[in-house]
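Encoded as structure tokens, the structure appears first; notes follow it.
Read the figures in this text as sums done on the coordinates, not as results from a lab. Source: prediction; values computed, not measured. For neighbour counting, all protein chains shown are included, and Cβ atoms are generated from backbone atoms with ideal geometry for every residue, glycine included.
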Amino acid sequence: MTNKDEKEIQESVEQEIKETTSIDEVSNLEKEDTKKRKKKNDSEEELTPEEKEEQAKKERDMYITKLCADRALEQMQEETPLPEEIVQEEAVSEEAVLENLTFAQRMKKHMEQAKVNWNDPTKKMVRNRRALEIFGTIFRTFILIGLCFVILLPVLQKVSYAIRAPQDISNQQVVWIPEHWSLMNVKIAYTYLTINSNTTFLNSIFLSAICMVIQIMATAVAGYAFARLKVKYFSNIFFYLVILTLVVPNESLTIARSLFFQDTPFFFVNLISNVFAMFIMSAFGMGLRSAIFIYLFRQFFRGVPIELEESAEVDGAGVIRTFWSVMLPNARGAIVTVGLFSFVWQYNDFYYATLYKFNDPKVLPLLTTSLAGSVSQFRSMFETSFRTLINELGETIARDDKFYGLILNTGALLMMLPLIIAYFFVQRLFVESIERTGITGM
Amino acid sequence: MNKIKKALHKAKEAVGSFFQKIFAPVKRWWHKVSQTKFMQKVINVLAFIPRKIKGLKNHTRKVIWGLIFLVPLMIGFIYFFLIPFIYTIWFSLSYVYIRAGEGLKSEFIGIDNFKYLFNVLNITYNYESIPFTQYLVQVIILIATDIPIILIFSLIMAVVLNSKFKGRALVRAIFFMPVIFNSQAIDMAVAAIPELAESTSNATADLFNQMFSFKEFLTNANFPTWLVNFLSSASSRIYDVITYSGIQILIFLSAIQSVPRHLYEAAKMEGATQYEMFWKITFPMVSPMLLAAAVYTVVDSFLRSPMVKTLQTYDNPGKIIEGIGELGKVVDGVHQLSFYGAGAAISIVFFAIAAVIVLVVLGILSRVVFYYDE
């Protein structure tokens, strides 16, 4: 609204008032209002006639301005229709325009619109993000599929070895899918693994299960002592010494260990070729990679709120009672992690099994030591227990190095098999437990 | 799945009832035995320390309990680690021999064992005989390239495995399989007859090589040769890298899970991209675990390095006759060296390198590490 419009409206209103109504009529129109006011002003002094005139004038002016405002509003509404109508009209007109244009012109218009959209900064950001996301998912799926393939390849290879017949070994054309199918290799590999004892599989599982339990107990106690029962200076120094056992490679101590263990028994127990050697080692906190487990437990017990322990103490619990009834039940996540890893590592362990000479049939032949036997051992076994097969195949295949490799690979698959089956049951635990242990920071 | 769950539940119950059946009579028996006079005496003796401690101050009581809790670990540490470690150091400086009836004997000969290692010894590595120092350099290069590759790879994989996508559970299951199957015995079994593995892997690898030769592509694109060698070795050792990085991925995953969610939310509100969020939030928050992962990587890659094979040949002197012949010679015309002594010297060198690499890695990484609390 400009000033000119305002003036025009004011003039037209004044003219209308002059034409249609006199001042009295105007005052009549406002009678009710004035009456009300008079009632309100009853208690006040009555107005003089001059003052009355002034008041009437003021009222008239006010009425005119009011009318002016109303008119102006009406005019505005007439001039500018509702916004919804505008959009519709424009759209209709655009469509009409487009219909009238030629194809080239229409394309040009579309291109212009696209240019505007393309340069719009918010749309640009949204577009970029979406493109990145799509590219990322495609890239990720490719990488993951490739890596999964790489991981599964050796397993698939071993499966392929396991299901091919022994005579296929000299066949150059057999790479993945065998020409003759048979499970003969599995049978031979099984007899090779159980060469020293009939219960090799059970031995391995039994040893690692018991070691797992012992190791959980020993490392939890040590971890608790390191975390909460601190002795000044001593605890920290000793903890770093324990971590040092990780940094010193086991293999560099083999000579000294084997000589020392033979020379001096551990509390009157000779460890070499003793079934309990591994249990004793685990019980004294020096089992297979025990330092990692101690570190894990220490880190976990540090994270448990001190108030829990203090409340137990206030209730009259001693140190052992606090540890057993309050701390251990809370450390379920750490216990699961330690248990899983200690079982798996013990099952796959080769170093200690050879150090303590478990391979003797009188001691405790394990899968790992049986698998890593010698060629001559395998040949003698093969010649005694598979006489008919050798006659069938001929001596050359039985003496072939490749055949020995085939059996070793099948044996490796057999050794993995219990773990694979167990893994697909506890896989979830495996991944999630370490997330729940809450190891953060050194 | 439901059937499997039901079966598992039944098995659990069966195992539980089985244990109850076993333990109920044991408990009854223990209750009877513990009431006898002899057992009461034994229990009194066992409870001597706790009773003595009970009257003390809270702090001193805790210190004593801490020492008691650590006693088995101390015994184990001294017997299983410290004494063998000192033995190894002593052996490396002496001539060791075993005589019937007398047992182990050793004579101090100074650093002659190390002189022998660095001046005389040749070691077969990659089918060729090379001096010990050269061999050491090669092993160190192998390990030093392994560490960054494994750390970067496992960090990236942890981020990928943490993001949500279809089939994540399966991919995770497959990725942690190497942690389970990584056994020295299996490695040895597979490596025992290399021709067999080569016959299949060649057939598959040829196919890829014909399609796309990575190394040739890079050299044609004028990349510097050291970079080409590094990248091609990394890509050809991809299987090793994956199998060695299982634990590190687990460590990083747990670290990423413990990063406060609100940091990411704030970054998202400000319009940060995934890439920016990784460098500005995930990496600094995960960096403390970088130390643990790096130390584990160093230790682990040492266990798999060719050094271990060399040591294993020295561990069992009876196995290799050539070595004994070589060691039987009089070195420097003064001292005779024993097999055990030379092996111990190799062990010490091995350990020293491991310690130095760990310290260097810690020194480098401690500059990158960011602590949220400080």
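Looking at the stretch B:108-171, the pairs of alpha carbons with a distance over 16 Å make up 67% of the total. Over 32 Å apart at the Cα level, from the set A:158/B:309; A:357/B:32; A:123/B:166; B:166/B:268; A:230/A:357; A:232/B:52, are A:357/B:32; A:230/A:357.
Of the chymotrypsin sites (Phe, Trp or Tyr not before Pro) found in the stretch A:134-196, those in coil by DSSP whose Cβ has at most 15 other Cβ atoms within 10 Å are A:176.
For the stretch A:51-66, putting each phi into the Karplus relation 6.51 cos²θ - 1.76 cosθ + 1.60 with θ = phi - 60° gives couplings of 4, 4, 4, 4, 4, 4, 4, 4, 4, 4, 4, 4, 4, 4, 4, 4 Hz, in residue order, rounded to whole numbers and with x for Gly and Pro.
Taking amide H as placed 1.01 Å from N in the peptide plane, the amide H of residue B:258 sits under 5 Å from none that are at least 5 places away or on another chain. Counting every other Cβ atom within 10 Å of each residue's Cβ, B:367, B:237, A:298 order from fewest to most as B:367, B:237, A:298. Sorting the segments A:279-291, B:15-27, A:196-208, A:60-72 by their mean number of nearby beta carbons within 10 angstrom, highest to lowest, gives A:279-291, A:196-208, A:60-72, B:15-27.
Each part reduced to its alpha carbon centroid, the stretch B:37-90 and the stretch A:321-394 end up 32 Å apart.
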